[in-house]
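Scroll down for the structure; my scribbles are underneath it.
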Amino acid sequence: MAFESLSDKLSAAFKRLKSKGKLTEDDVKTAMREVRLALLEADVNYKVAKEFTKKISDRAIGSEVMESLTPGQMVVKIVNEELTELMGGGEARLKMPSSGPCIVMLCGLQGAGKTTHAAKLGRLLKKQGHRPMLVACDVYRPAAVKQLQIIGEQAGVPVFEEGQGNPIQISKDAVRHARDYGNDIVLIDTAGRLQIDDKLMDELKNIKEAVQPSEILLVVDSMTGQEAVNVSKIFDEKLEITGVILTKLDGDTRGGAALSVKAVTGKPIKYAGIGEKLDDIEVFHPDRMASRILG
Ligand code: GDP
């Protein structure tokens, strides 16, 4: 299960703290050292782990905690609050424009789950009362267009495609089509590559320029840990993403990506993929994730 090892290590550290009556600064420091190690083992970015534990120490060593009747529990409460904050605080909603369809570009490396999440997101938004439309702009792999058509149909969301045409033209045509047919959300499935290259970035920049999206969501695989964070950083620098969809949280991910993406890129995780089925997507709630990690 995701975060299992991190959760176990954190609860061991907190168990010792909670068993003490009064806490000394040394008790807090020892616990924070354990927390930092647990975070590093979970593949959390080094700087993020260091700053995180420092913040908690600073708050925990304050008189409010040290003199309270249940100092150990107060520390755990602080960790919960700071974990929530680290992952973005509140839930991050899709930014809807004041007029015209909400255009969402979905980007990511091949295999991250981009196509699946285009369909999952379409289905989720449809359930919320929207009229989304999927756009097949991954024109380099012939199978990709077909894959989107098949899963779009399963998800009950229409797919706009022009075969192996020019992705910039396809996106523009798709937006026009959406306006004509009253689709209020346009989800553009862009091409993925095995690695980030200039050609991929230029194409994405050109689509961005052509359709002026409200959202550029990067789909990243949580199982790849720090690599997911690095990829997010590079995409953000080149493309200015507006958020992240973190996939495969149902696997045995150690948690590093979930805990570091926001701190490293400044961009929130908006959705989480939690399985292979089309309903396995949720709005990302930092507070619920923090509680899950803390057990
Ligand atoms: P793309 O190349 O980025 O478009 O990736 P796909 O959407 O084709 O997904 C790659 C693989 O990951 C497929 O086998 C999906 O079923 C699987 N996958 C996608 N999202 C999730 C998820 O949240 N959990 C799990 N377990 N598998 C997923």
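Quick rundown of the values:
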{"quantity": "The range 91-108 - residue that is under 15 Å from the mean Cα position of the chain (by Cα), among the hydrophobic types (A, V, I, L, M, F, W, C) and part of a loop (DSSP other than H, G, I, E, B) and, of those, farthest from A178 (Cα to Cα)", "calculated": "A92"}
{"quantity": "Exclusive hit being at pLDDT below 95 and crowded, with 16+ Cβ neighbours inside 10 Å, set A155, A144, A178, A174", "calculated": "A144"}
{"quantity": "Selection within the range 191-206 - over 20 Å from the mean Cα position of the chain (by Cα) and within 16 Å of the ligand (Cβ to nearest atom)", "calculated": "D197, L200, E203"}
{"quantity": "A118 surrounded by 17 or more Cβ atoms within 10 Å (Cβ to Cβ), under 19 Å from D287 (Cβ atoms) and in contact (Cβ under 8 Å) with a residue 40 or more places away in the chain", "calculated": "no"}
{"quantity": "Extreme residue, farthest from the ligand (Cβ to nearest atom), among residues of the range 114-150 that are assigned to a helix (DSSP H, G or I) and more than 26 Å from G100 (Cα to Cα)", "calculated": "P142"}
{"quantity": "Among residues of the range 219-252, those that are closer than 15 Å to Q195 by Cβ and among the hydroxyl-bearing types (S, T, Y), counted", "calculated": "2"}
{"quantity": "2 or more residues open to solvent by less than 30 Å² (accessible area, probe 1.4 Å) and of a type in the set (S, T, Y): qualifying helices (runs of 4 or more DSSP H) within the range 195-280", "calculated": "256-265"}
{"quantity": "Candidate set: the range 31-46, residues that are open to solvent by 60 Å² or more (accessible area, probe 1.4 Å) and free of Cβ contacts under 8 Å to residues at least 60 places away in the same chain; chosen: the one nearest to A263 (Cα to Cα)", "calculated": "Y46"}
{"quantity": "Options K248, K277; residue that is within 16 Å of the ligand (Cβ to nearest atom), without any contact (Cβ under 8 Å) to a residue 24 or more places away in the chain and among the charged types (D, E, K, R)", "calculated": "K277"}
{"quantity": "Condition check for D287: surrounded by fewer than 22 Cβ atoms within 10 Å (Cβ to Cβ), away from the ligand (no atom under 16 Å from the Cβ) and not aromatic (F, W, Y)", "calculated": "yes"}
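The values are calculated or read from the model by the stated rules, or taken from the named source; none is laboratory data. Computed from a predicted model, the values in this text were never measured in an experiment. Quick reminder, even Gly has a Cβ in these numbers, built from the backbone with ideal geometry, and neighbours come from all protein chains shown. Remember, those area values only see protein heavy atoms, side chains included, never the ligands or the DNA or RNA. Shrake-Rupley method; radii C 1.70, N 1.55, O 1.52, S 1.80 Å.
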